[in-house]
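Take a look at the structure set out below.
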Amino acid sequence: MKKSFDKGFVTPLPVFIIASYDKDGKPNAMNAAWAGQVGRDLISISLGSHVSTDNIKANKEFTVSFATKDFLAECDYVGLVSQAKEPDKLDKAGFTVTRSEKVNAPIIDNLPVALECKAIDIIEEYGETRVVAQVVGMVADESVLTDDKVDLDKLDPIMYDSSAKAYRVIGEIAGGAWDAGKKFV
């Protein structure tokens, strides 16, 4: 028998590290998990009121790096601490950055994969700021590639489990998409 609850959850959620520049060109990063892909080249991210949110509203460009198991503490830290209170939070986390070649935003050198994004819609709704962005490029360390594709086993991205309020790693492949169901065809 199933038990009824008043609230539900969606899990797992990607752990994205959003990097942007402020009006003076200072890099900043934040942890965001309320996000997902919208079609082939669009992503949607729900942000609260943060320095990064203001940076994206002003600049319209940012990067999204996948948080990894190797940098779990650093990625959590940039979500716990605001740049408004800790101006050197990237340095404290041990993160270094390089300017993206495709957008006016920093790429976090320590994280192996980053999406380069341009905001195409910024919507204030439900007490949040939703940013819909076009992915205009991606950079990836060769160490996480297999046959020129990002290999999640090598990347070891973490996911946010909103039910347990914990980070988890992605597990093994369970079956082929657009393949497993063919047994019913």
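Below, the figures for the structure above:
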quantity: 65, 4 arranged by Cβ crowding within 10 Å, fewest neighbours leading; calculated: 4, 65
quantity: Estimated FRET transfer efficiency when R0 is 35 angstrom, pair residue 85-residue 42 (beta carbons, to 0.05); calculated: 0.60
quantity: Fluctuation leader among 23, 69, 57 - the chain, Gaussian network, Cα springs under 10 angstrom; calculated: 23
quantity: Dimensions (Å) - segment 90-135, Cα atoms, principal axes, largest first; calculated: 34, 25, 16
quantity: Segment 114-155: translational diffusion in µm²/s, Stokes-Einstein, Kirkwood Rh over Cα pairs, 20 °C, 1.002 mPa s; calculated: 173 µm²/s
quantity: Cα lying deepest toward the dipole's positive end in segment 1-49, options 46, 19, 5, charges on Cβ; calculated: 5
quantity: Computed helical MRE - 222 nm, the chain, DSSP H runs ≥ 4 contributing -39500 (n - 2.57), nearest 500; calculated: -3500 deg cm²/dmol
quantity: Electrostatic dipole magnitude of the chain [Cβ: Lys, Arg +1; Asp, Glu -1; Cα centre; debye, to 20]; calculated: 660 debye
quantity: Placed amide H near residue 34: partners under 5 Å, 5+ positions off or other chain; calculated: 46
quantity: Vicinal HN-Hα couplings computed from phi for segment 16-30 (Karplus, 6.51 cos²θ - 1.76 cosθ + 1.60; Hz; Gly/Pro x); calculated: 9, 9, 8, 10, 8, 9, 7, 4, 9, x, 7, x, 9, 9, 9
quantity: Label-to-label distance, nm, for residues given as residue 151 and residue 72 (7 Å Cα→Cβ offset); calculated: 2.2 nm
quantity: Using a Förster distance of 41 Å, the FRET efficiency for residue 22-residue 184 (Cβ separation, nearest 0.05); calculated: 0.15
quantity: Burial ordering of 138, 1, fewest other beta-carbon atoms within 10 Å first; calculated: 1, 138
quantity: Choice from 148, 54, 88 showing the highest fluctuation, given a GNM over the chain with Cα pairs closer than 10 Å; calculated: 148
quantity: Cα-based convex hull volume of the chain per residue, rounded to whole Å³; calculated: 164 Å³
quantity: Sequence of 47, 152 once ranked by neighbouring C-beta atoms within 10 Å, starting from the fewest; calculated: 152, 47
quantity: Over 25 Å (Cα to Cα) - which of 26/60; 7/60; 69/92 fall in this group; calculated: 7/60
quantity: Gained length - residue 138 relative to residue 57, 0.36 nm times residue gap less alpha-carbon distance; calculated: 27.0 nm
quantity: Pairs from 89/154; 23/165; 57/154 whose Cα-Cα separation, in the structure shown, is over 32 Å; calculated: 23/165; 57/154
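Rule-based calculations on the coordinates, nothing more; no lab input. Keep in mind it's a predicted model, so treat the numbers as computed, not measured. When we count neighbours, we look across all protein chains shown, and the Cβ atoms used for this are built from the backbone with ideal geometry, even at glycine.
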